[in-house]
Amino acid sequence: MVQARVASGQLLPLHRGVYAVGHAQLRLEGRWLAAALAAGPGAVLSHRSAAALHGLRESEAADVTTTRRVQVRGVVIHRTTALGTEDLTTRRGVRVTTVARTLVDLAAILPPAQTAKLLRETDRLGRLNAAALEAALERAKGRGEAGRRALRAALEQHQRHATSLTRSELEDRFLALLAAEDLPRPLTNHLVLGMKVDAVWPEHRLAVELDGWAFHHDRASFEEDRARSARLTIAGWTPLRFTHAHVVEHPAEVAATLRALLAR
């Protein structure tokens, strides 16, 4: 039956035992799913492909992790001795390593600078869970030690930016920066469109939110922050977000940005 349908063009071979139905114009997700199926039971998308599926970086590579010894043409196979359910998830119908496990896997094949950059991008997208990453690093003991060290160093540096300053302390630092740079003092904790905004200059329609951004911020908070900024923009305001790292480590850049906007 399979041979007949292949001959008629109803089934198009992608890998041994894996077929596309009707056409082979597959999206990336389809090709990734085919690669994982071709690697056999228990195989999952991983590494560069997993990062792309999670939206962390672009890649058209087909990386699959499995506990079996297999070879699949056009697919990069990564073998592991253990692949627990805590390291697996499903995204867009494809079984894939979690964001945390993906970061650990990529740290083993990326230069340290790229690992740190990927960690920052993951956090910027609101996909970073420090506790889950710590647990994934612990489970990866004994595998790819150089990569684990690079990822842990990047994580520790990132956590230092997730300061222990309270929100009020961060606001004090920000106001002190303004005073030191001879910039006009804003209204603080002011209501704009029914939202309490950390600092506003109404005459310039400039709004600043200060992110002490707890390192464990979740996806809901990430989405809410973007929605707030969108509402302000639609209403004709210029919304800015400054983190602790901006205020404390790059005050000149913060001052230059504000000075340019307040001069308009």
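The values are calculated or read from the model by the stated rules, or taken from the named source; none is laboratory data. Owing to the predicted nature of the structure, the values given are computational and were not obtained by experimental measurement. Positions of Cβ are backbone-derived with ideal geometry, glycine not excepted, and every protein chain shown enters the neighbour counts. What goes into the accessible areas is simple: the full protein's heavy atoms, side chains included, and nothing from ligands, DNA or RNA. Shrake-Rupley method; radii C 1.70, N 1.55, O 1.52, S 1.80 Å.
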Once phi is turned into ³J(HN,Hα) by the Karplus curve 6.51 cos²θ - 1.76 cosθ + 1.60 with θ = phi - 60°, what whole-Hz value does each residue of the range 55-60 show in order, with x for glycine and proline? x, 8, 6, 8, 6, 10
Taking every DSSP beta bridge that has both residues in the range 1-124, what percent is antiparallel when rounded to the nearest 5? 65
For Val192, residues with placed amide H under 5 Å, excluding near neighbours: Val197
Accessible area per residue, Å², the range 99-208 with all protein chains present, probe 1.4 Å: 50
Karplus couplings for the range 231-248 from phi (6.51 cos²θ - 1.76 cosθ + 1.60, θ = phi - 60°), rounded to Hz, Gly and Pro as x? 4, 5, 4, 4, 7, x, 8, 9, x, 10, 10, 10, 8, 4, 4, 4, 5, 8
Residue-wise, which Karplus ³J(HN,Hα) couplings in Hz belong to the range 75-92, taking 6.51 cos²θ - 1.76 cosθ + 1.60, θ = phi - 60°, and x for glycine or proline? 10, 8, 9, 10, 8, 9, 7, 8, 9, x, 4, 5, 9, 10, 8, 10, 9, 6
Can you pull the three principal axis extents for the Cα set of the chain, in Å, largest first? 77, 43, 26
Compute the acute angle (0 to 90°) between the alpha-carbon long axis of helix 112-124 and the principal axis of greatest extent of the alpha-carbon atoms of the chain; round to the nearest 10°. 70
Stokes-Einstein D for the range 1-94 (37 °C, 0.692 mPa s, Kirkwood Rh from Cα pairs), in µm²/s, comes to 235
Which net charge results for the neighbourhood of Leu106, defined as the other residues with beta-carbon distances under 12 angstrom from its beta-carbon, given Lys and Arg at +1 and Asp and Glu at -1? +2
Carbon + sulfur, % of accessible area of the range 55-140 - ligands and nucleic acids excluded, 1.4 Å: 47
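Can you give the longest run of the chain that contains no GluC sites (Glu not before Pro) sitting in a DSSP loop with at most 10 other Cβ atoms inside 10 Å?
My reading of the result: 61-264 is the longest stretch.
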Once the dipole of the chain is set up from charges on Cβ (+1 Lys and Arg, -1 Asp and Glu), the residue from the list His158, Ala34, Ala252 lying farthest towards its positive end is Ala34
Find out how many positive minus negative residues lie around Ala199, taking Lys and Arg as positive, Asp and Glu as negative, among other residues whose Cβ is under 10 Å from that of Ala199. -2
At 1.4 Å probe size, with every protein chain present, just tell me what the per residue accessible area of the range 16-75 comes to in Å². 55
In the chain, taking the dipole from +1 charges on Lys and Arg beta carbons and -1 charges on Asp and Glu beta carbons about the Cα centre, the listed residue (Gly17, Val44, Phe174) farthest towards the positive end is Gly17
So which residue, out of Gly30, Gly22, Gly55, gets the largest mean-square fluctuation from a GNM of the chain using Cα contacts under 10 Å as springs? Gly22
Check Leu88: other-chain or 5+ apart residues with amide H under 5 Å from its amide H, H built from backbone geometry? Thr98
Area accessible to solvent at Ile234, 1.4 Å probe radius, in Å²: 150
